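For reference, the structure discussed in these notes is given below.
The values are calculated or read from the model by the stated rules, or taken from the named source; none is laboratory data. Since we're looking at a predicted model, the values are computed, not measured. Cβ placement follows ideal geometry from the backbone for every residue including glycine, while neighbour counts extend to all protein chains displayed. Note: accessible area is taken over every heavy atom of the protein model, side chains too, but ligands, DNA and RNA are not part of it. Shrake-Rupley method; radii C 1.70, N 1.55, O 1.52, S 1.80 Å.
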Amino acid sequence: GLTDPFLELLTDSLAGSSDVRFRVVATDGVLTAFDETDEAISVPNQSPIATIMNPKAGAIYPPGTLIVMQGLATDMEDGTLPDEALSWSSDIQGGLGIGPSVPINTLDPGTHQITLTVIDSYGAPSTSSVTITVGYPIYLPSVVR
């Protein structure tokens, strides 16, 4: 369906490698032809993607509540990253644990920014954060006149 003799391709959608080759296949429905790049092309390493599934942003937890932090990390070059590539931290308490699932019930009262940091096999980092509150919610009664 191309009308131009070229195609611009964004490398952000490709896995990184130092040995990439492109093959073009053209067909008219009966005849088929192809060509491949003469030399290898280098595509830069892509950063992994960190995803926090739990806790949800804005959640409020009473002190001492068990919070199970759950996340995952994927990378275009590595696929699913190993457990040791995921680390959890709080801006108040620092490091909280390693792995895709970290249970904790010792968060200090206050508003925490929980961060999941992931690092791929090439050393490229990525983070995802949510803000939660450890404390008791205050509900004010509504006044009707």
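Looking only at residues that are touching a Lys or Arg at 6+ places or on another chain (Cβ under 8 Å) and touching a residue at least 12 places away in the same chain (Cβ under 8 Å) in the range 24-38, which one is most open to solvent (accessible area, probe 1.4 Å)?
This residue is D35.
Condition check: in contact with a Gly (Cβ under 9 Å, 6 or more places away or on another chain) and within 18 Å of P103 (Cβ to Cβ). Does P55 satisfy that?
Spelling it out, it is not the case that P55 is in contact with a Gly (Cβ under 9 Å, 6 or more places away or on another chain) and within 18 Å of P103 (Cβ to Cβ).
Report yes if G97 is at pLDDT below 95 and either small (G, A, S) or open to solvent by 30 Å² or more (accessible area, probe 1.4 Å) (or both), otherwise no.
no
Among the residues of the range 61-82, how many are loosely packed, with under 14 Cβ neighbours inside 10 Å, touching a residue at least 40 places away in the same chain (Cβ under 8 Å) and of a type in the set (V, I, T)?
So the answer is 1.
Looking only at residues in the range 107-145 that are among the hydrophobic types (A, V, I, L, M, F, W, C) and outside any strand (DSSP E or B), which one is modelled with the lowest pLDDT?
L140
Can you name the residue in the range 109-141 that is open to solvent by 100 Å² or more (accessible area, probe 1.4 Å), over 24 Å from V68 (Cβ atoms) and hydroxyl-bearing (S, T, Y) and, of all such residues, is nearest to the chain's Cα centre (by Cα)?
Among them, the one singled out is Y122.
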